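Have a look at the structure below, then the notes.
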Amino acid sequence: MYLKYSVMDHSPRLIMLTSLYLAGKTEESYISAERIAEVMGEPTLEKAILKFETQIIQDLDFQLIVFNPYRSLEGFCIFLRDWLEETSYDSEKIDQLSGRMKTEAYQLADRLLLSDAVFLYPPSQCALAMMRLALQREGLDAAGFVERTCKQAGGSAVDIDAHLNHMQNLLLDAKVPSEDRLKKIDLKLKRCRNPLFDKTSEVYKKIKQEEEMRKAERKRKKHLERTNNNNAGNPVGQQVAGSTEGKRRRSSMD
């Protein structure tokens, strides 16, 4: 959505809630717009969500399936267990390690979504970077795990090592803003809102008024054209139509 629009055009909060509504429909876990508005304590949100639904779908080119790191991460967790079974660890230790690594990797992936990594790298590399970091924190052979994973995929760890390092650096900078920071950002967005999309702005009202005038003019011309066509070949009808148009022009000049 925001690859096409600025956050000053449409409210991020409204887009987030509409996206939640769409996600529920896409994943067959339907949450009504009315329910979302009720939970947020704002009854007027229901109409706003339903209005933005179509626009978001169009701006996404009707591609509602989003590929994220979690599916790849699940595969790496399975591969991790197979990798650990080749070590000298007993089954109980393997269960403990694989469980901790999975939990840690998923938590890291959650934080990674707060960064730009998901826009810069494919989901599989994002998942591998988080698994590598989890293994490093546990003191396991993270480099060996990555090398074997890349080898099975027909590649080399050297080819993506720089990407994995960059994602880990992005992760360190990914932090949830404080409540005070969020309030300042929200206030700034309200002050900097694009008047073309703000129904309360004079610019928006003027544009809408001009659109209504153009619409009324097109309707008048269409009606006049229809009248002229109906009166074609009828001298009396043509005289009446001409007299009516003349009166309208004199009235507008006055």
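The values are calculated or read from the model by the stated rules, or taken from the named source; none is laboratory data. These numbers were taken from a predicted model, which means no experiment stands behind them. FYI the Cβ positions are ideal-geometry reconstructions off the backbone, even for glycines, and counts take in every protein chain you see. Heavy atoms of the whole protein, side chains included, go into the accessibility calculation; ligands, DNA and RNA do not. Shrake-Rupley method; radii C 1.70, N 1.55, O 1.52, S 1.80 Å.
Does the stretch 42-61 hold any residues that are open to solvent by less than 40 Å² (accessible area, probe 1.4 Å) and within 12 Å of residue 14 (Cβ to Cβ), and which are they? Full working, then the answer.
Initially, the stretch 42-61 is screened for residues open to solvent by less than 40 Å² (accessible area, probe 1.4 Å), giving 45, 48-49, 52-53, 56-57, 59.
Across the stretch 42-61, the qualifying residues are 45, 48, 49, 52, 53, 56.
Spot the failing condition for residue 89; the list is (1) part of a helix (DSSP H, G or I); (2) in contact with a helix residue (DSSP H, G or I) (Cβ under 8 Å, 6 or more places away or on another chain); (3) free of Cβ contacts under 8 Å to residues at least 60 places away in the same chain, and only one is missed.
Going through the list (1) part of a helix (DSSP H, G or I); (2) in contact with a helix residue (DSSP H, G or I) (Cβ under 8 Å, 6 or more places away or on another chain); (3) free of Cβ contacts under 8 Å to residues at least 60 places away in the same chain, residue 89 breaks only (1).
When you check residue 84 against the structure, is it in a helix (DSSP H, G or I), over 16 Å from residue 15 (Cα atoms) and aliphatic (A, V, I, L, M), yes or no?
Considered against the rule, which asks whether it is in a helix (DSSP H, G or I), over 16 Å from residue 15 (Cα atoms) and aliphatic (A, V, I, L, M), residue 84 comes out as yes.
Any residue at all in the stretch 160-180 that is among the basic types (Lys, Arg), in a helix (DSSP H, G or I) and touching a residue at least 40 places away in the same chain (Cβ under 8 Å)?
Filtering the stretch 160-180 down to residues among the basic types (Lys, Arg) leaves 175.
Next, only the ones that are in a helix (DSSP H, G or I) stay: none.
No, the stretch 160-180 has no match at all.
Looking at residue 145, is it under 19 Å from residue 12 (Cβ atoms), part of a helix (DSSP H, G or I) and among the aromatic types (Phe, Trp, Tyr)?
So residue 145 fails the test.
When the residues of the stretch 164-188 are filtered to those that are aliphatic (A, V, I, L, M) and surrounded by 15 or more Cβ atoms within 10 Å (Cβ to Cβ), which remaining residue is modelled with the lowest pLDDT?
To start, the set of residues in the stretch 164-188 that are aliphatic (A, V, I, L, M) comprises 164, 167, 170-172, 174, 176, 182, 185, 187.
Next, only the ones that are surrounded by 15 or more Cβ atoms within 10 Å (Cβ to Cβ) stay: 164, 167, 170-171, 174.
Details: 164: 91, 167: 91, 170: 90, 171: 88, 174: 81.
Only one residue fits best here, namely 174.
Show the residue pairs that are 6+ apart or on different chains and have beta-carbon atoms under 7 Å apart, the first residue being within the stretch 62-84 and open to solvent by 40 Å² or more (accessible area, probe 1.4 Å), the second being hydroxyl-bearing (Ser, Thr, Tyr).
64/26; 81/98
Report the residue count in the stretch 118-140 for those that are surrounded by fewer than 17 Cβ atoms within 10 Å (Cβ to Cβ) and among the charged types (D, E, K, R).
Here the count works out to 2.
When the stretch 1-41 is examined, which residues are found to be of a type in the set (Asp, Glu) and open to solvent by 60 Å² or more (accessible area, probe 1.4 Å)? Give the steps one after another, and end with the answer.
Looking only at the stretch 1-41, we keep the residues that are of a type in the set (Asp, Glu), and these are 9, 27-28, 34, 38.
27, 28, 34, 38 - these are the residues of the stretch 1-41 that are of a type in the set (Asp, Glu) and open to solvent by 60 Å² or more (accessible area, probe 1.4 Å).
Does residue 143 satisfy the criteria of being closer than 25 Å to residue 94 by Cβ and open to solvent by less than 40 Å² (accessible area, probe 1.4 Å)?
Against the criterion (closer than 25 Å to residue 94 by Cβ and open to solvent by less than 40 Å² (accessible area, probe 1.4 Å)), residue 143 does not qualify.
Of the conditions (1) in a helix (DSSP H, G or I); (2) surrounded by 13 or more Cβ atoms within 10 Å (Cβ to Cβ); (3) not polar (S, T, N, Q), residue 193 clears all except one; give me its number.
So the condition that residue 193 fails would be (1).
Only residues that are of a type in the set (D, E, K, R) and either farther than 30 Å from residue 194 by Cα or not in a helix (DSSP H, G or I) (or both): list them for the stretch 204-233, please.
219, 220, 221, 222, 225, 226
Which of the following residues is among the basic types (Lys, Arg), more than 21 Å from residue 113 (Cβ to Cβ) and over 31 Å from the mean Cα position of the chain (by Cα): 137, 193, 226? So that I can check it myself, show each step before the final result.
Values: 137 fails: more than 21 Å from residue 113 (Cβ to Cβ); 193 fails: over 31 Å from the mean Cα position of the chain (by Cα).
The match here is 226.
Would you check if residue 110 is open to solvent by 40 Å² or more (accessible area, probe 1.4 Å) and at pLDDT 90 or above?
The answer is yes for residue 110.
Being open to solvent by 70 Å² or more (accessible area, probe 1.4 Å) and among the small types (Gly, Ala, Ser) is the filter here; which residues of the stretch 150-161 pass it?
The initial filter retains those residues of the stretch 150-161 that are open to solvent by 70 Å² or more (accessible area, probe 1.4 Å), namely 151-154, 158-159.
Within the stretch 150-161, 153, 154 qualify.
Residue 115 versus (1) surrounded by 13 or more Cβ atoms within 10 Å (Cβ to Cβ); (2) part of a helix (DSSP H, G or I): which is the lone unmet condition?
Residue 115 satisfies every listed condition except (2).
So which of 36, 65 ends up being β-branched (Val, Ile, Thr), in a helix (DSSP H, G or I) and at negative phi?
36
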